[in-house]
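Encoded as structure tokens, the structure appears first; notes follow it.
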Number of protein chains: 2
Amino acid sequence: MQNRTRIEDLKNRIGETVTLAGWVDVRRDHGQLIFFDLRDGSGKVQLVVGPGPVHETADKLRPEWVIEVIGQIKKRPEKMVNSEIANGDLEVEVGEIKILNQAETPPFDLQTDGRELAEEIRLEYRYLDLRRPRLQQNLHFRHRLVKFIRDYLSERGFIEVETPILSQTTPEGARDYLVPSRLQPGQFYALPQSPQQYKQLLMVAGVEKYFQIARCFRDEDTRGDRQPEFTQLDLEMAFVEQEEVMILNETLLIALVKELLPGKKILQTPFPRLTYREAMDEYGSDRPDLRPNKNDSQTLAFCWITDFPFFEKTETGAWTFTHNPFSAPKPEFMEQLLKGEKIGEIITSQYDIVLNGSEIGGGSIRNHRPEALRAVFRILGYDAAAIARNFGHLLQALARGAPPHGGIAWGLDRLVSILAGEPNIREVIAFPKTGEGRDLLMGAPAAVTPEQLKELKLKIDSR
Amino acid sequence: MQNRTRIEDLKNRIGETVTLAGWVDVRRDHGQLIFFDLRDGSGKVQLVVGPGPVHETADKLRPEWVIEVIGQIKKRPEKMVNSEIANGDLEVEVGEIKILNQAETPPFDLQTDGRELAEEIRLEYRYLDLRRPRLQQNLHFRHRLVKFIRDYLSERGFIEVETPILSQTTPEGARDYLVPSRLQPGQFYALPQSPQQYKQLLMVAGVEKYFQIARCFRDEDTRGDRQPEFTQLDLEMAFVEQEEVMILNETLLIALVKELLPGKKILQTPFPRLTYREAMDEYGSDRPDLRPNKNDSQTLAFCWITDFPFFEKTETGAWTFTHNPFSAPKPEFMEQLLKGEKIGEIITSQYDIVLNGSEIGGGSIRNHRPEALRAVFRILGYDAAAIARNFGHLLQALARGAPPHGGIAWGLDRLVSILAGEPNIREVIAFPKTGEGRDLLMGAPAAVTPEQLKELKLKIDSR
């Protein structure tokens with residue numbers, strides 16, 4: 001439809017005859033006249049069908065049918081003008097209607113914001129649910145936000161590098177999703193919990209400024225507002241110290257809010273910085289919400305939390321890492337780490353960024369010397385063989401000329417949901433899964449055929 | 001290192017004292033003087049160390065060690081100027097050296113282009129292999145190309161939408177990779193062979209202009225120059241006809257070449273268009289290389305191939321699709337499709353884009369009416385129950401107000417490799433797998449623990 005006009009472009013073309021296409025929205029009959037709104041990706045406009053041959057076609061139209069119309073753009077009579085809405089001062093007098101597709105009656109009302117519905121039915125009919133202006137806006141906002149990040153980083157010399165999804169299992173605090181290999185029966189790929197190791201390998205490879213909008217996967221029991229797959233802004237820089245990574249991220253966030261959400265106010269810049277100890281003492285949380293009024297969605301209170309303990313004791317008395325095993329300690333604790341002394345007092349170079357009480361990102365300077373990383377794994381209880389098996393490739397790489405490096409990862413779904421004023425991340429993901437990890441639209445996960453299992457040399461063990 | 005100067009910025013700062021950081025490259029000793037190149041992400045420069053305390057440190061340096069140096073930028077003596085290379089007219093007189101990391105001797109020479117090596121060793125030490133300027137350039141070129149596409153489409157009203165990786169099995173011509181669900185034992189996700197169904201659902205959802213740089217997965221036997229995971233530019237538009245999709249893609253490709261590869265010449269614009277019949281009759285191939293000289297890598301011969309048969313017979317005499325089961329026939333063949341008559345003569349709306357003898361993309365106008373898509377599946381031999389089971393969600397969506405739509409997918413790895421003058425796609429992928437699907441760097445796929453299998457309720461069936 002090369003001569004199609006989008007609805008947002010109608011306002012400057014009063015008097016012209018145009019071709020429009022879209023979905024039938026609300027319909028109002030007034031005897032001889034049929035009024036209905038036509039909706040396309042750019043907006044809505046009121047159509048008017050008077051008596052005549054086209055009236056018969058218009059009479060058949062039902063909500064969500066897809067049509068093409070030819071009509072003349074007119075100013076509405078003065079008393080019909082609605083200045084509250086876009087195109088409220090005009091209407092299109094319809095000359096022709098072509099039905100492009102009919103639609104069954106939707107299973108729910110598309111004129112609401114959808115929040116009154118059980119989420120299951122919204123997810124099952126996600127292709128209808130997404131037609132709501134709110135969700136369309138969320139998809140567009142997410143696109144613009146990610147585009148802004150990409151532009152900002154690219155202008156500053158970063159390159160985006162795609163890292164593998166079919167990868168190897170790594171201990172990053174959650175279970176891996178596994179993918180059986182058909183060509184190597186009995187062996188499995190793992191989906192990455194993050195591109196952490198790949199981005200460190202890119203630093204060793206001489207890529208000095210890396211980023212990626214990266215898909216990550218975690219097989220967790222209690223998901224709450226999490227998803228089996230989620231999206232990170234993943235970022236890493238060579239030859240940097242903690243301060244430079246923090247400043248880059250802070251200026252990016254400030255620029256992003258200014259450009260995309262000029263109506264919102266950042267409570268304080270530079271972002272306040274609290275040590276873990278200060279945050280716990282003053283707010284009882286390492287994700288404090290610094291807003292004076294917690295319900296004020298127009299205010300954005302960013303802050304940094306630093307100086308976390310590197311290790312903590314598990315219930316069994318073993319040491320585990322609090323954030324990221326690949327982090328370096330703060331420089332003044334390197335000796336303690338290497339010697340394995342006063343382990344509970346070692347402070348990591350980790351820095352978390354918090355927005356309105358939610359952690360939206362975290363990063364650190366990494367242990368770029370193999371002996372220091374080995375010391376971490378020893379404290380975590382790995383013996384030499386287990387270290388070699390799980391981290392041999394990374395330790396080898398660090399022994400072959402690794403620059404000092406550090407970075408961060410943002411939880412992009414969370415950031416978008418907070419900035420969009422949405423209560424959970426499913427509202428800013430096109431096709432989210434349920435809390436049980438089900439895709440109700442596609443029906444995944446699902447049974448597979450015996451032939452598929454046989455090819456993978458797998459049996460289901462239903463004991 | 002906030003006061004670090006990148007090597008590409010040295011040329012305008014003759015006489016200044018700067019801090020540099022990077023890798024020790026080639027080293028040449030001349031008695032009292034040590035010459036070596038320092039390499040960072042932006043280039044190389046020659047360092048000179050004279051007699052004095054720093055000489056002792058410099059003497060220890062070996063290739064690929066990571067160092068920080070402070071030195072003064074000087075013009076080289078006239079007879080030492082090398083005008084063939086960047087920074088060939090200057091050198092840095094080193095005052096201080098700090099060793100940031102040592103490096104074991106690399107397992108292969110990093111001064112060559114690497115083509116003389118067995119690929120296995122390059123992939124095992126990919127973090128070294130990637131330090132070669134050729135591969136660095138490939139990563140940077142790929143970034144710029146993808147960025148150009150994103151900018152171009154975003155400016156034209158497209159939005160990028162992320163679609164799921166943990167998805168449902170679909171019959172798109174290859175085997176799916178499966179992911180066992182732990183929470184639903186005995187059930188599996190499938191990794192998408194393409195976002196085809198999701199992008200069609202987005203069209204039904206009212207997203208009129210969609211694109212995505214999308215990861216796709218196919219579990220194939222003979223891979224040749226293929227990878228288990230690969231990247232597509234995936235694109236779909238609502239309310240379009242074939243011509244509009246082709247024109248958009250053609251103008252994008254022309255703009256991309258002009259911007260990124262001004263030295264290359266596109267053989268013919270508008271791109272020649274050949275029907276499948278013409279291509280086979282004239283060139284014996286539906287991927288003809290139209291270059292007069294097949295070895296001329298500076299000439300880019302794009303062409304479109306259209307009017308493919310929709311169906312072809314398999315060895316068993318059943319009908320299969322030649323390209324994409326979701327395509328619409330050309331409008332004049334819709335009656336035949338619906339009636340299932342003269343099936344072998346039905347022409348699909350498929351259009352393939354070919355560059356120098358390689359297919360770099362393909363797309364079609366889709367069957368947006370459920371009865372027409374159902375007719376395709378009937379011809380392919382699915383009974384009503386199988387159609388409902390495999391495609392029920394998409395057919396339901398098409399019955400709820402689907403706009404006419406069409407799109408395309410580009411094989412991005414292939415396009416980048418051809419434009420970069422590389423013989424295979426592994427040269428333009430940061431961490432590729434071998435032909436057998438192995439990641440030699442990370443050691444994937446690999447055995448997993450009995451506990452992991454037990455949690456998934458799976459047994460390996462080694463019969």
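Fewest Cβ neighbours within 10 Å first, please rank A:D89, B:D9 accordingly.
Placing the least packed residue first, the sequence is B:D9, A:D89.
Computed over all pairs of different Cα atoms, the Kirkwood value for the hydrodynamic radius of segment B:127-232 is 16.3 Å. For segment A:48-124, the fraction of C-alpha pairs more than 16 angstrom apart is 66%. Of all beta bridges that DSSP places with both ends in segment A:127-428, some 85 percent have antiparallel geometry.
Considering only the protein assembly as shown, what is the antiparallel percent among its DSSP beta bridges, to the nearest 5?
Within the protein assembly as shown, antiparallel bridges account for around 85 percent of the total.
The rotation axis taking chain A to chain B passes closest to this chain A residue's Cβ, listed with the gap in Å: A:K459, 2. Here r is the Cβ-Cβ distance between B:R156 and B:T316 and R0 is 56 Å; the resulting FRET efficiency, rounded to 0.05, is 0.80.
Where does the charge balance sit around B:D109 when Lys and Arg score +1, Asp and Glu -1, over other residues with C-beta under 13 Å from its C-beta?
Result for the local shell: -1.
Across segment B:261-283, the residues whose backbone nitrogen lies under 18 Å from the label position 7 Å along the beta-carbon direction of B:H140 are B:261-264. Ordering B:T169, A:T320, B:T269 from the fewest to the most neighbouring beta carbons within 10 Å gives B:T269, A:T320, B:T169. Using a 7 Å projection from Cα along Cα-to-Cβ, the label point at B:Q32 is separated from the same position in the remaining copies by 10.9 nm, smallest value first.
The mean sequence separation of alpha-carbon pairs under 8 Å and at least six residues apart, normalised by the residue count of segment B:7-101, gives a relative contact order of 33 percent.
For the pair B:D296 and B:D461 in one chain, pulling the backbone fully straight at 0.36 nm per residue adds 54.2 nm over the alpha carbon distance. Averaging over all projection directions, the Cα-based convex hull of segment A:378-463 occupies 12.0 nm² in the image plane. Karplus-based coupling profile of segment B:43-49, in residue order and whole Hz: x, 10, 8, 7, 9, 10, 10, with θ = phi - 60° in 6.51 cos²θ - 1.76 cosθ + 1.60 and x standing for Gly or Pro.
Here is how the number arises for the protein assembly as shown: DSSP H runs of 4 or more residues each give -39500 (n - 2.57), the sum is divided by the residue count, and the result at 222 nm is -8000 deg cm²/dmol. What number, in nm² with one decimal, is the all-direction average of the projected area of the convex hull of the alpha-carbon atoms of segment A:127-428? Hull-based average projected area comes out at 17.7 nm². Using R0 = 56 Å, the C-beta based FRET efficiency linking A:E335 and B:F148 works out to 0.70.
Calculated FRET efficiency, A:S83 and B:R223, Cβ-Cβ r, R0 45 Å, to nearest 0.05?
Approximately 0.15, to the nearest 0.05.
Projecting 7 Å from Cα along the Cα-to-Cβ direction, the label point of B:R223 sits 3.0 nm from its equivalents in the other copies, listed shortest first.
Rg/Rh for segment B:7-101 (Cα atoms only, Rh after Kirkwood) is 0.92. Shown for B:E332: label points 7 Å from Cα along the beta-carbon vector, and their distances to the equivalent points in the other copies, 8.2 nm in ascending order. Reducing segment A:22-85 and segment A:408-463 to their Cα centroids gives an inter-centroid distance of 40 Å. Convex hull of alpha carbon positions in segment A:228-379: directionally averaged projected area 11.0 nm².
As a proxy for reagent exposure, ranking A:F188, B:F217 by other Cβ atoms within 10 Å from fewest up yields B:F217, A:F188.
Counted over segment A:180-221 with a bin width of 5 Å, the fraction of Cα pairs per bin, in whole percents, is 6, 17, 19, 16, 18, 14, 8, 2.
Taken together, the values in this text are just the output of simple stated rules run on the coordinates, not laboratory data. Please read all numbers here as calculations on a predicted model, not as lab measurements. All Cβ positions, even for glycine, are placed from backbone atoms using ideal geometry, and neighbour counts span all protein chains on display.
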